[in-house]
Amino acid sequence: MNVEERYHIVSRNSEEIVTESELKELLATKDSPRAYIGFEPSGLVHLGWVLVASKIRDLIDAGFDVIIFMADWHAYINDKLGGDIERIRLCARYMQDAFESLGIPRDDVTYILASQIMDSIEYWEMLMKVGKVTSLSRVRRSMTIMGRKEDDADLDSSKFLYPLMQATDIFLLDIDVAYAGLDQRRAHMLAREAAEKLNWKVPVALHTPLLPGLQGMDRMDPIANKMSKSHPDSGILIHDSPTDIKRKIKKGFCPPDVEGNPILELARLILFPRVSCLTINRPEKFGGCLEFNNYEELESAYSSGELHPMDLKNGVASALSDVLAPSRKYFEEYPDNYQALKASFEEV
């Protein structure tokens, strides 16, 4: 596979690469670059992870060594799962199951817990150096990577460590490409800026789109719109039953317009990269069955009024159920971590 072919695989369906020229240079000079994506173990896995798993698979196919970083102490700082570190680590094990169910075998990636690298003096030396070249206001502006507002850092001082930790993770792991959803852009830019000031390796930043929540989209704040496990009906879980998927989609926002339509976004970002044809079944009296071979055909039919919102919802729900069937089957066969995590929610 040549450089252009590898670049195409890495860049497809991405939102942003910082920078494209750096990525091409990396691919031209390294056969097995190192990529990473970090997660807070913080709850049940939603449909947005299908996007992430696809990009991880792309990176593997393009020759990358991929690290999936389970940020247990980061989740603790961010008050996830009640700040219970054992529940957080249980969630990390469940998340490994989730990736396996989405087509990422454990042998294809390396899983690392934050606690595995944070017990070294080298980590804290690096963190202090990053802190010395990063202003407090820059750290505060990065608070959005935690799903928080800038002022939330005033709740407790540990939160000021979080952006510095995320940058330090990248440096200690010797990462060539830092991958995440677009909501993590500020952390990656902080890491790039710090690396330049410290004369360290500057990581390429790769960002994929955020899957919008079913409640609707705000053009002024796309990050706040993302599908979230903290708002159960805003998103579909990867192990949801077909009945639950249909119920959630039915309740979802689906305006007559294309712009700001989360149901169409599900078709664009999740379905058409994975299915060759989307079939919309409807009664003959309403025009009969429709088939769409690409997203553009679907969007055209919807914007013209040929396709009714309820028919769109039914078709998308059915196709999503099929896409998620392997995850449902996996968790039926290997339910232990999932069931233990769910039980821990009931105990709180």
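Bear in mind these aren't lab numbers, they're just calculated from the coordinates by the rules spelled out. Just so it is clear, the structure is predicted and the values come from calculations on it, not from any experiment. As a convention, Cβ positions derive from the backbone with ideal geometry for all residues, glycine included, and neighbour counts pool all protein chains shown.
Quick notes on this structure:
- The label-point distance for Ser241 and Gln339, in a model that sets each label 7 Å from Cα toward Cβ, rounds to 1.6 nm.
- For a modelled paramagnetic label at Ser120, 7 Å from Cα along Cα-to-Cβ, the residues of region 64-105 in reach, with backbone nitrogen under 19 Å, are 65-74.
- Summary of packing: across the peptides 48-59, 274-285, 194-205, the per-residue average of other C-beta atoms within 10 Å ranks them, highest first, as 48-59, 194-205, 274-285.
- Pairwise Cα separations in region 242-347 fall into 5 Å bins from 0 onward with the following percentages, short to long: 2, 11, 20, 20, 17, 10, 7, 6, 4, 1, 0.
- Region 38-63 and region 120-135: distance between their alpha carbon centers, rounded to Å: 28
- Toward the positive end of the charge dipole of region 242-347, with +1 on the Cβ of Lys and Arg and -1 on the Cβ of Asp and Glu, the farthest Cα among Leu264, Phe253, Ser304 is that of Phe253.
- When DSSP beta bridges are restricted to pairs lying wholly in the chain, around 30% turn out antiparallel.
- Here the sum of -39500 (n - 2.57) over DSSP H runs of 4 or more residues, divided by the residues of the chain, equals -14000 deg cm²/dmol at 222 nm, to the nearest 500.
- Region 327-344 and region 271-296 have Cα centres separated by 32 Å.
- Spatially close Lys pairs in region 3-208, defined by Cα atoms under 27 Å apart and a spacing of eight or more places or different chains, total 22.
- For region 3-208, the share of DSSP beta bridges that are antiparallel, to the nearest 5, is 15%.
- For the chain, the residue among Ser120, Pro212, Leu341 whose Cα projects farthest onto the positive side of the dipole built from Cβ charges is Pro212.
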